[in-house]
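S.K.: Submitted below is the structure of interest, expressed as structure tokens.
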Amino acid sequence: MDNRNASAATGSNETIRERLGLRPIINVSGTMTALGASIIVPEAIAAMAEIAPQFVEMDDLHRAASKVVARLTGGEAGFITASCASGISLALAGAMTGTNLLAIERLPDLATGLKDEVIVQIGHMVSFGGNIDQAIRLCGGKVVEAGTVSVVNDYHVADAINERTAAGLYVVSHHTVQYGMLSLPEFAEICHAAGVPVIVDAASEYDLQRFLRDGADIVIYSGHKFLGGPTTGIVAGRKDLVRAAFLQNRGIGRGMKVGKESIAGVIAALEAWEKRDHAGIRRRESEALHLWQDTLTGLPGIRAEIVPDPTDNPLDRIEITVSPESGYSAAGLAKALSLAEPPIIVRNHEVERGHFFLDPCNLHEGEAEIVANVLKRVLTANPKPDYALMTPRKTSRTALSWPD
Ligand SMILES: *Cc1c(COP(=O)(O)O)cnc(C)c1O
């Protein structure tokens with residue numbers, strides 16, 4: 001559904017962004033919670049609308065989801081929760097309580113005798129917008145860090161395991177340290193030798209089967225990232241662990257409740273994923289990248305290189321390295337683009353290193369060309385804005401002023 005259809009449905013020429021006073025941003029940042037995640041696929045939108053006015057027995061809806069999740073992931077069972085972050089807390093809680101219903105109600109207080117320690121390689125202790133260690137502490141778990149920021153050896157993990165170890169948590173992300181950590185098969189082998197289950201956060205990963213194959217007992221994905229589903233988390237894997245995680249909905253999971261519309265929507269998104277024209281999408285993304293690269297070629301102080309995804313998803317981005325001859329710093333150029341007409345939001349998590357990325361995954365028809373035009377307009381602007389050469393600075397000021 002494009003903006004015109006959406007506004008037609010409300011009988012107004014105004015789009016919902018205009019009605020709510022929201023800027024018409026173009027997202028070349030990636031699938032970001034702060035930008036509204038992804039474009040929800042039409043199949044999911046239709047399923048959400050269809051189920052919205054119906055009553056359903058929620059356990060049965062979760063059973064239906066389990067079948068679809070199992071089929072796509074190769075896991076024995078699965079369920080849907082509010083987000084991947086929720087799924088991590090629920091899976092860890094399940095590894096701690098098992099099916100002990102009283103223990104589930106008492107979390108985050110631990111019943112005596114329950115295992116509560118969760119091992120994480122230090123290079124995996126990232127923030128994805130929330131901190132991974134908080135997802136552990138939220139369910140009463142204790143974080144046990146293994147290794148160093150730059151090197152983790154097998155004995156670091158083996159030595160961290162004891163009779164209180166509930167699980168090993170493994171994070172797959174461009175945010176983690178990309179060298180010196182144990183691979184998933186290595187990490188899983190050490191955990192499994194001691195009977196410790198392995199929970200994998202694969203929130204943004206395209207491959208729905210690889211991590212269970214590589215040793216995960218439970219894997220958790222975001223439904224609202226590459227899948228284009230509504231905001232959800234997908235938990236998949238060993239049936240006993242999935243059941244124990246699902247039962248947390250009677251406890252700490254209640255505050256992470258997922259609605260019928262989200263479950264129906266993500267089922268539809270999973271089924272659409274099976275039929276998606278992946279090659280066609282890749283081709284359109286590649287066309288956008290080459291258009292942007294051609295637009296930038298020859299502009300002074302700008303280097304544009306097409307780079308692969310750091311965690312091997314079938315996805316390339318363009319890395320734009322900005323030197324002062326362009327009249328901008330990387331941070332200044334990213335800011336100018338975000339203030340342009342229309343606003344272009346780039347992938348700027350490495351901007352202090354003098355570069356940022358453009359991600360082609362979340363474009364509507366015609367937006368690649370708009371991005372190219374804005375890039376050219378901003379880079380050839382004369383004079384440049386007063387902040388053009390700014391150095392990036394982290395500030396909590398805007399966060400603290402909300403809702404003003
Ligand atoms: C996005 C992300 C999360 C959080 O996912 P939500 O579904 O938004 O809670 C967790 N871990 C990683 C590695 C992520 O990329």
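The values are calculated or read from the model by the stated rules, or taken from the named source; none is laboratory data. Small disclaimer: the values here were computed from a predicted structure and weren't measured. Glycine gets a Cβ as well: all are built from the backbone with ideal geometry, and neighbour counts include every protein chain shown.
S.K.: Among the candidates Leu363, Leu389, Leu400, Leu375, single out the residue that is touching a helix residue (DSSP H, G or I) at 6+ places or on another chain (Cβ under 9 Å), in a helix (DSSP H, G or I) and among the aliphatic types (A, V, I, L, M).
M.R.: Details: Leu363 fails: in a helix (DSSP H, G or I); Leu389 fails: in a helix (DSSP H, G or I); Leu400 fails: touching a helix residue (DSSP H, G or I) at 6+ places or on another chain (Cβ under 9 Å).
Every option except Leu375 fails the conditions.
S.K.: Moving to a separate point now. Could you tell me whether Leu379 is surrounded by 19 or more Cβ atoms within 10 Å (Cβ to Cβ) and farther than 19 Å from Leu35 by Cβ?
M.R.: Considered against the rule, which asks whether it is surrounded by 19 or more Cβ atoms within 10 Å (Cβ to Cβ) and farther than 19 Å from Leu35 by Cβ, Leu379 comes out as yes.
S.K.: Given the conditions (1) under 19 Å from Ala388 (Cβ atoms); (2) over 23 Å from the mean Cα position of the chain (by Cα); (3) surrounded by fewer than 21 Cβ atoms within 10 Å (Cβ to Cβ), report the number of the one that Ala372 does not fulfil.
M.R.: (1)
S.K.: Restricting to the range 30-46, give me the number of residues that are at positive phi and more than 10 Å from the ligand (Cβ to nearest atom).
M.R.: Within the range 30-46, residues that are at positive phi and more than 10 Å from the ligand (Cβ to nearest atom) number 1.
S.K.: Let me ask you something else. All but one of (1) among the aromatic types (Phe, Trp, Tyr); (2) surrounded by 18 or more Cβ atoms within 10 Å (Cβ to Cβ); (3) more than 18 Å from the chain's Cα centre (by Cα) hold for Phe128; which doesn't?
M.R.: Among (1) among the aromatic types (Phe, Trp, Tyr); (2) surrounded by 18 or more Cβ atoms within 10 Å (Cβ to Cβ); (3) more than 18 Å from the chain's Cα centre (by Cα), Phe128 violates only (3).
S.K.: A further question follows. Restricting attention to the range 158-183, which residues are within 27 Å of Leu114 (Cα to Cα), more than 16 Å from the ligand (Cβ to nearest atom) and of a type in the set (Ser, Thr, Tyr)?
M.R.: Thr165 - this is the single residue of the range 158-183 that is within 27 Å of Leu114 (Cα to Cα), more than 16 Å from the ligand (Cβ to nearest atom) and of a type in the set (Ser, Thr, Tyr).
S.K.: Which members of the range 207-228 meet the condition of being within 12 Å of the ligand (Cβ to nearest atom) and assigned to a loop (DSSP other than H, G, I, E, B)?
M.R.: Gly223, His224, Lys225, Phe226, Leu227
S.K.: Thr232 fails exactly one of the following numbered conditions: (1) in contact (Cβ under 8 Å) with a residue 12 or more places away in the chain; (2) within 16 Å of the ligand (Cβ to nearest atom); (3) surrounded by fewer than 24 Cβ atoms within 10 Å (Cβ to Cβ). What is the number of that condition?
M.R.: (3)
S.K.: Tally up the residues in the range 184-206 that are of a type in the set (Asp, Glu) and away from the ligand (no atom under 16 Å from the Cβ), please.
M.R.: Summing the residues that are of a type in the set (Asp, Glu) and away from the ligand (no atom under 16 Å from the Cβ) in the range 184-206 gives 2.
S.K.: Then there's this: Could you please let me know if Leu358 is of a type in the set (A, V, I, L, M, F, W, C) and either closer than 20 Å to Ser29 by Cα or free of Cβ contacts under 8 Å to residues at least 12 places away in the same chain (or both)?
M.R.: yes
S.K.: Which members of the range 104-122 meet the condition of being out of contact with any strand residue (DSSP E or B) (no Cβ under 8 Å at 6 or more places or on another chain) and either more than 24 Å from Tyr221 (Cβ to Cβ) or within 13 Å of the ligand (Cβ to nearest atom) (or both)?
M.R.: Passing the criteria: Glu105, Arg106, Pro108, Asp109, Leu110, Ala111, Thr112, Gly113.
S.K.: Another question about this same structure. Is it the case that Lys260 is at pLDDT 95 or above, basic (Lys, Arg) and not assigned by TED's automatic domain parsing to the domain that holds Ala372?
M.R.: yes
S.K.: Any residue in the range 124-148 that's over 11 Å from Leu169 (Cβ atoms): show its pairings with residues that are among the basic types (Lys, Arg) and not in a helix (DSSP H, G or I) at Cβ separation under 9 Å, as long as the two are six or more apart or on different chains.
M.R.: Note: pairs meeting the criteria are Lys142/Arg164.
S.K.: Regarding Glu287, is this residue assigned by TED's automatic domain parsing to the domain that holds Asp59, charged (D, E, K, R) and outside any loop (DSSP other than H, G, I, E, B)?
M.R.: Values: assigned by TED's automatic domain parsing to the domain that holds Asp59: no; charged (D, E, K, R): yes; outside any loop (DSSP other than H, G, I, E, B): yes.
No; evaluated as a whole, the condition is false for this residue.
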